[in-house]
Amino acid sequence: MSIEAVIRNRLEEGLAIEHLVIENESHMHSGPASDSHFKLTVVSDDFSGKRLVQRHQLIYGFMADRMNNPIHALAMHLFTVKEWQERGQEVMPSPTCLGGSKADH
């Protein structure tokens, strides 16, 4: 099963999701291309009443055994349905990687 499929399955099993986008951004980073850098946009009312750090902790909890290997980076954009509607259903694009990996040395 691909890393993206694992992420999708765990999120869908753990949350009542209204909208989910998983982007593999590994190609934007230095070093060998692999499935290691992902960007998540998750819209769920399960985030209601939770501060941003609590939302991130929830997602990291679902991925704990996959963080650092094979997932190196996980950018998260986490919203309630109301927040998502208020922001116009858009997420800023990720910046280009500036390097800094072992592959650069």
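The values are calculated or read from the model by the stated rules, or taken from the named source; none is laboratory data. Quick caveat, the model's predicted, so the values are computed rather than measured. Quick reminder, even Gly has a Cβ in these numbers, built from the backbone with ideal geometry, and neighbours come from all protein chains shown.
Data table
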{"item": "Residue match in the range 8-15 (condition: assigned to a loop (DSSP other than H, G, I, E, B) and modelled with pLDDT of 95 or more)", "result": "yes"}
{"item": "Boolean, residue 28 is at pLDDT below 95, over 14 Å from the mean Cα position of the chain (by Cα) and surrounded by 13 or more Cβ atoms within 10 Å (Cβ to Cβ)", "result": "yes"}
{"item": "Pair list, Cβ under 9 Å, 6 or more apart: the range 6-19 residue in contact (Cβ under 8 Å) with a residue 60 or more places away in the chain and farther than 17 Å from residue 67 by Cα, other residue in a helix (DSSP H, G or I) and β-branched (Val, Ile, Thr)", "result": "18/81; 19/81"}
{"item": "Any hit, the range 80-91, residues being modelled with pLDDT under 85, surrounded by 11 or more Cβ atoms within 10 Å (Cβ to Cβ) and touching a Ser or Thr at 6+ places or on another chain (Cβ under 8 Å)", "result": "yes"}
{"item": "Residue in the range 48-71 that is surrounded by 12 or more Cβ atoms within 10 Å (Cβ to Cβ), assigned to a helix (DSSP H, G or I) and among the acidic types (Asp, Glu) present", "result": "no"}
{"item": "All positions within the range 75-88 that are out of contact with any Asp or Glu (no Cβ under 6 Å at 6 or more places or on another chain) and free of Cβ contacts under 8 Å to residues at least 60 places away in the same chain", "result": "75, 76, 77, 78, 79, 82, 83, 85, 86, 87, 88"}
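Every residue, every condition in (1) of a type in the set (Gly, Ala, Ser); (2) touching a helix residue (DSSP H, G or I) at 6+ places or on another chain (Cβ under 8 Å), yes or no:
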| residue | (1), (2) |
| --- | --- |
| 3 | no, yes |
| 6 | no, yes |
| 11 | no, yes |
| 15 | no, yes |
| 18 | no, yes |
| 36 | yes, yes |
| 57 | no, no |
| 60 | no, no |
